[in-house]
1. Please pick out the residue among Val11, Val37 that is at pLDDT 75 or above and β-branched (Val, Ile, Thr).
2. Kindly check whether there is at least one residue in segment 45-52 that is loosely packed, with under 10 Cβ neighbours inside 10 Å, outside the structural domain of Thr31 (by TED's automatic domain parsing) and modelled with pLDDT under 80.
3. In segment 38-70, how many are farther than 20 Å from Gly92 by Cβ and either in contact with a Lys or Arg (Cβ under 9 Å, 6 or more places away or on another chain) or not in a loop (DSSP other than H, G, I, E, B) (or both)?
4. Of these, Phe84, Phe42, Phe70, Phe88, which one is surrounded by 12 or more Cβ atoms within 10 Å (Cβ to Cβ) and at pLDDT below 80?
Amino acid sequence: MSSSNHEHGAVGHIVPIKMLVGTCLALLFLTGVTVWVAKLDFVELRMDEMNILVAMGVAVVKCTIVAMIFMHLRWDRSFVGFVFVGSFIFVGIFIGFTLLDSSEYQPTIIPGDTPQVQLKLDALNASMAADSASSGEHDGAASQ
């Protein structure tokens, strides 16, 4: 058997307790920020999308902290970090393309609460009420 420098049973590095405690405090603080932002009403400030933007930003920071410390990416080869960052970039691109596409077709599928839609709904309801009334008279005459 050949001798190698890498043993599968050996620990590559030991994370100091101070770093683990700091990581825990940072994640708890960021969780508190997420809860606090969820309770804020950005609609009054005319920033409707701000809740999701801040929540996603905090989630990305928390994910990065967990990956760097608990998944040991901080101490791993740089290629693994490159793949990690690349995955975030590709997820952002995929979400961006999806949002671009949804803004293109959504107005034709969901026209919104316009007067024309309300008039069509009222006409449909009236015709259904007339149909049910005429079938009720028809049923009443058949039972006598």
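The values are calculated or read from the model by the stated rules, or taken from the named source; none is laboratory data. If you're wondering where the values come from, they're calculated on a predicted model, not measured in any experiment. Here the Cβ is made from the backbone with ideal geometry for all residues, glycine too, and neighbour counts use every protein chain on show.
1. Val37
2. The answer is no; no qualifying residue exists.
3. In the first step, residues of segment 38-70 are kept if they are farther than 20 Å from Gly92 by Cβ; the result is 38-48, 69-70.
Adding the requirement that they be either in contact with a Lys or Arg (Cβ under 9 Å, 6 or more places away or on another chain) or not in a loop (DSSP other than H, G, I, E, B) (or both) leaves 38-39, 69.
Total satisfying the criteria: 3.
4. Values: Phe84 fails: at pLDDT below 80; Phe70 fails: at pLDDT below 80; Phe88 fails: at pLDDT below 80.
Answer to the check: Phe42.
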